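Worksheet for the structure shown next.
The values are calculated or read from the model by the stated rules, or taken from the named source; none is laboratory data. It should be emphasised that the depicted structure is a prediction, and the values quoted were computed from it without experimental measurement. Backbone-built Cβ (ideal geometry, glycine too); neighbour counts: all protein chains shown.
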Ligand SMILES: Cc1cc2nc3c(=O)[nH]c(=O)nc-3n(C[C@H](O)[C@H](O)[C@H](O)COP(=O)(O)OP(=O)(O)OC[C@H]3O[C@@H](n4cnc5c(N)ncnc54)[C@H](O)[C@@H]3O)c2cc1C
């Protein structure tokens, strides 16, 4: 059995970040094990036989890190397109630009009035500390915006009771309220370009997955072991066993597997509190539906949020507006639909696809007889939910794992939605390698 200084489980962007940094530092020796026959994890893309490329849900590329920017520049280079975001909300038969609260002037007067009254009441209300995400929404946005958009949309996308969620993760993920700004935009009818992703890029070729493929192409292929499913991690002997019987020993293990799965794989002296902790991590699932259509794209938008219950989906992306190379040629376009689900919002896949097509037809976004490609992919991990008590649980679990040389990082390995995008994930991989090799403190996945 080989024993390596660093073993990486998973070739998503976190695993790629770790492998990239190890290669850049000139070692030590490492190996990346991935269950699928491709790299990229959730950031991979899939091509249908009809020539349409779809991603695992709407993905756009933006970054908080100069290091990540340099990696993208070195690997993708000019083979990417940059867009100024066009994101909208469809509500009550109206198109409203995102973020909702900054575009109240696009609402019918009665709805805008309700929002404004709610905001004034909320700002006059003595601030008590909200106990959960629902209370935070009500206290921050007031009853109008909460009722119309924030509550129904968040209930749909998280597919969990908002009372079970914390709000400490919000940071730049949700646009909050600046009352003066809201009034200014309402009166002067000014559009806003809020948000870290108001300008985003997207690979020219290969869908969003073009990014992971380009990064992997810059690395030594001999380091990658595809179609190897980790089945057991012996924490005492520091050995990973794979489903096919192969074993590898490690000094340091960077795991990007979903944390509850990693905890299930642990073998050896593991306290029951750690072994059982996996069941407490809440997540939603997602059905992504890709539709390749004959005709001209009916909109120049990038994506649209759908908070209302009559629409089964929470978001529709006009994917062919990201890159012309995700469709087989002129005269075709593609839509990517996301439906979040969970035991709280069960899903009948076949009915959901049928309902989706019917609703998109009603909206004038496609004609059923012009659909030339239909792709659907279920994801059993989509959003790691920031549930109440998450950080204390994470501290306990990481305390045990890290004392045994196991670093669980990434969107589901680290279970911090607020640092779960591609750039964050890649940097978690980079930074954990710097910690292992040089003792440097991690910033992205800093302890809380
Ligand atoms: C719906 C959705 C939308 C998103 N939108 C964006 C966006 O707009 N912009 C953005 O930057 N990011 C976005 N992301 C995040 C991005 O797709 C990745 O999830 C993120 O980069 C995390 O990567 P990761 O490597 O931590 O995890 P993953 O991508 O989940 O990679 C983990 C890897 O581990 C492998 N694995 C699992 N079990 C085993 C096993 N037993 N043995 C071996 N291998 C195993 C998996 O196959 C996978 O390749 C989105 C994610 C989702 C789900």
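In table form, for the structure just shown:
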{"read-out": "Number of positions in region 80-102 that are assigned to a loop (DSSP other than H, G, I, E, B) and more than 29 Å from residue 324 (Cβ to Cβ)", "value": "2"}
{"read-out": "Residue ranges of helices (runs of 4 or more DSSP H) in region 108-220 with at least 2 members over 19 Å from the mean Cα position of the chain (by Cα) and farther than 30 Å from residue 74 by Cα", "value": "109-124, 133-145, 151-158, 179-188"}
{"read-out": "Residue that is without any contact (Cβ under 8 Å) to a residue 40 or more places away in the chain and within 10 Å of the ligand (Cβ to nearest atom), where the choices are 439, 410, 420", "value": "420"}
{"read-out": "Output for region 347-382, where each listed residue is more than 23 Å from residue 307 (Cβ to Cβ), over 25 Å from the mean Cα position of the chain (by Cα) and in a helix (DSSP H, G or I)", "value": "368, 369, 370"}
{"read-out": "Candidates 77, 57, 93, 142 - the one that is touching a strand residue (DSSP E or B) at 6+ places or on another chain (Cβ under 6 Å) and on the phi > 0 side of the Ramachandran plot", "value": "57"}
{"read-out": "Search result, residues across region 40-54 that are assigned to a loop (DSSP other than H, G, I, E, B), touching a strand residue (DSSP E or B) at 6+ places or on another chain (Cβ under 9 Å) and more than 16 Å from residue 376 (Cβ to Cβ)", "value": "51"}
{"read-out": "Matching strands (runs of 3 or more DSSP E) fully within region 237-338 where at least 2 residues are assigned by TED's automatic domain parsing to the domain that holds residue 353 and surrounded by 19 or more Cβ atoms within 10 Å (Cβ to Cβ)", "value": "283-294, 303-305, 315-317"}
{"read-out": "Odd one out for residue 6 among (1) within 13 Å of the ligand (Cβ to nearest atom); (2) assigned to a strand (DSSP E or B); (3) crowded, with 23+ Cβ neighbours inside 10 Å", "value": "(1)"}
{"read-out": "So residue 227, is it part of a loop (DSSP other than H, G, I, E, B) and within 11 Å of the ligand (Cβ to nearest atom)", "value": "yes"}
